[in-house]
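One structure is given here, and the rest of the page talks about it.
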Amino acid sequence: MIRQQSSHRRTVVRTAALVASAAMVVVGVQTGTAGAAVVNETGTGAGATALVLSAPQRAAAIQQAQASAAATAEAIGLADREKLVVRDVVKDADGTVHTRYERTYDGLPVLGGDLVVHQKKNGARSTTKATSARISVPTTAAAATAREGARKVIWAAGGKPVLAWETVETGHQHDGTPSERHVITDATTGKELHSYEAIETGVGNTQYSGQVTLGTSPGFTLTDAGRGGHKTYDLKGGTSGTGTLFTNSTDTWGNGLASNRETAAADAHYGAAVTWDFYKNELGRNGIRGDGVAAYSRVHYGNAYVNAFWSDSCFCMTYGDGAGNAKPLTSLDVAGHEMTHGLTASTANLRYSKESGGLNEATSDILGTSVEFYANNASDAGDYLIGEKIDIRGNGTPLRYMDKPSKDGNSADYWSSSLGRLDVHYSSGPANHFFYLLAEGSGTKTINGVTYNSPTYDNSTVTGIGREKAYQIWYKALSTYMTSSTTYAGARTATLSAASDLYGATSSEYNAVNAAWKAVNVK
């Protein structure tokens, strides 16, 4: 959640997974299509809420979709050399099925070739693609020499698809954050096409949320069996490995002070539990990946490390103890923010640069702040301020403001053609602003003791539809319509599609989504 620059990196190359995770902190080049969705102009909104699938149900749905992937590829017009690999299946109560795929070409992964097929109960089908370009390369034989351990891929996120190599350089960033830098190079010329940082950093027991109930297991360990087996570990100042599982002689954890090592653990454990409950009860999602399996948390990373990060490779959250080891970055909105990076990687996989990177970061702010409101915790009341508890600036101000993002001195309030040149933590501003306006509306108001005054680009008046409807629309757009290359224009179309599905194309909610985007200059 603070801007990072990659440096002092030792280079080690490893084989990457089929789908590269969304990066958190990189200023890079990202081009491609907007990933526009098809708006359902005739939807009634009835039954469009996602069903909660158990882990076996989800696995069966994925298996069934994969079994028919060849027929689906033919039906949507893919060439014979292209294959589909199922990543996720979302089923709506009205019978609509949204199946998210990655593509291969002659067996090679196509980066930026992801797509979502939407099939209604009556058989009507539409498709959302990350790129509209035809996937084709003259040859899959590489001319340029690859680094050791590189994998051959098709790079389709930069316009015309090309044969490429993907390598992963690991080490550490300047502040001690681990680094997993993915580099894409043209397999014919050796020219670097794209790079991104796959370690998803952010900022943020209980020190921040008062006395809470924690999910633990017999023998007094921080293992939450009721929420996918989430565990919290103590890194004890280390910067690698899993750490030591927190155990105790009683079932009481921490004393509310940073000097007690269990306090940060309690905050992190509580944050993971509330986020799990929010995803399940409000979004209909069974865990970050939708498979009922929990991530894990690591606290006390490094010494006075002023950051927190999500890593897809370990499927875990990691928290530093802040300046002077006095302000662990384990506040509730930070926990929700970090785990939402895992959610984004498991759904749209928004590429972490330019506009899609800003939308990635905004998604974590949007759902992180929604988790905070959902908790309804008197010690940390819900607000539209990001990281207000951890005092990372040292002057008592939050990191970001959703009602007027520019109050932080760096973020943009509105979309412009230069937005993609900003660091993704600042290009997130218009999406954060959109969400605030959609939920609460424009003008001055006080919520939970915090006063907001949200302006609009065109001086229009926007009437909010409430937080619950706003985050349900954003999540449905993320999970069923956005792709890795979605831009702000694509996000507008995706959220309109989601609003149409949930409430109908003539609903006040649909009109509010349109008005809120217009108010941040996305038309």
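The values are calculated or read from the model by the stated rules, or taken from the named source; none is laboratory data. Source: prediction; values computed, not measured. Cβ placement follows ideal geometry from the backbone for every residue including glycine, while neighbour counts extend to all protein chains displayed. For accessibility, only protein heavy atoms count, side chains too; no ligands or nucleic acids. Shrake-Rupley method; radii C 1.70, N 1.55, O 1.52, S 1.80 Å.
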Legend entry - Restricting the range 371-387 to residues that are outside any loop (DSSP other than H, G, I, E, B), out of contact with any His (no Cβ under 9 Å at 6 or more places or on another chain) and open to solvent by less than 10 Å² (accessible area, probe 1.4 Å), the residue that is farthest from residue 475 (Cα to Cα): 380
Legend entry - Check on residue 136, open to solvent by 10 Å² or more (accessible area, probe 1.4 Å), small (Gly, Ala, Ser), under 27 Å from residue 478 (Cβ atoms) and in a loop (DSSP other than H, G, I, E, B): no
Inset, instruction - Please indicate, with yes or no, whether at least one residue in the range 422-434 is among the aromatic types (Phe, Trp, Tyr) and over 18 Å from residue 516 (Cβ atoms). - result: yes
Inset, instruction - State yes or no: is residue 315 among the hydrophobic types (A, V, I, L, M, F, W, C), farther than 30 Å from residue 103 by Cβ and open to solvent by 10 Å² or more (accessible area, probe 1.4 Å)? - result: no
Legend entry - Residue tally, condition outside any loop (DSSP other than H, G, I, E, B), small (Gly, Ala, Ser) and open to solvent by 10 Å² or more (accessible area, probe 1.4 Å), over the range 451-505: 1
Legend entry - Candidates 342, 429, 420 - the one that is of a type outside the set (A, V, I, L, M), modelled with pLDDT of 95 or more and in contact with a helix residue (DSSP H, G or I) (Cβ under 8 Å, 6 or more places away or on another chain): 429
Inset, instruction - Look at residue 265 and say whether it is more than 21 Å from residue 383 (Cβ to Cβ) and aliphatic (A, V, I, L, M). - result: yes
Legend entry - Filtered residues of the range 239-253 (kept if open to solvent by less than 50 Å² (accessible area, probe 1.4 Å), out of contact with any helix residue (DSSP H, G or I) (no Cβ under 6 Å at 6 or more places or on another chain), of a type outside the set (Gly, Ala, Ser) and in a loop (DSSP other than H, G, I, E, B)): 248
Inset, instruction - For the range 212-235, indicate whether the set of residues that are loosely packed, with under 15 Cβ neighbours inside 10 Å, outside any loop (DSSP other than H, G, I, E, B) and in contact with an Asp or Glu (Cβ under 8 Å, 6 or more places away or on another chain) is non-empty. - result: no
Inset, instruction - Considering only the range 81-94, state which residues are of a type outside the set (A, V, I, L, M, F, W, C), closer than 18 Å to residue 59 by Cα and open to solvent by 20 Å² or more (accessible area, probe 1.4 Å). - result: 87, 91
Legend entry - Only listed residue being of a type in the set (Ser, Thr, Tyr), in contact with a His (Cβ under 9 Å, 6 or more places away or on another chain) and either modelled with pLDDT under 95 or within 30 Å of residue 62 (Cβ to Cβ) (or both), chosen from 216, 242: 216
Legend entry - Selection from the range 388-405 of residues that are hydroxyl-bearing (Ser, Thr, Tyr) and surrounded by fewer than 24 Cβ atoms within 10 Å (Cβ to Cβ): 397
Legend entry - From 348, 362, residue being small (Gly, Ala, Ser) and either part of a loop (DSSP other than H, G, I, E, B) or at pLDDT below 95 (or both): 348
Inset, instruction - Filter the range 407-453 for residues that are acidic (Asp, Glu) and under 15 Å from residue 356 (Cα atoms) and give the result. - result: 423
Inset, instruction - Could you check, for the range 278-288, whether at least one of its residues is in contact with a helix residue (DSSP H, G or I) (Cβ under 9 Å, 6 or more places away or on another chain), acidic (Asp, Glu) and surrounded by fewer than 19 Cβ atoms within 10 Å (Cβ to Cβ)? - result: yes
Inset, instruction - Would you be able to say whether some residue in the range 406-429 is in contact with a His (Cβ under 6 Å, 6 or more places away or on another chain) and either open to solvent by less than 40 Å² (accessible area, probe 1.4 Å) or not in a helix (DSSP H, G or I) (or both)? - result: yes
Inset, instruction - Just give me the residues in the range 506-523 being of a type in the set (A, V, I, L, M, F, W, C) and open to solvent by 20 Å² or more (accessible area, probe 1.4 Å), in sequence order. - result: 515
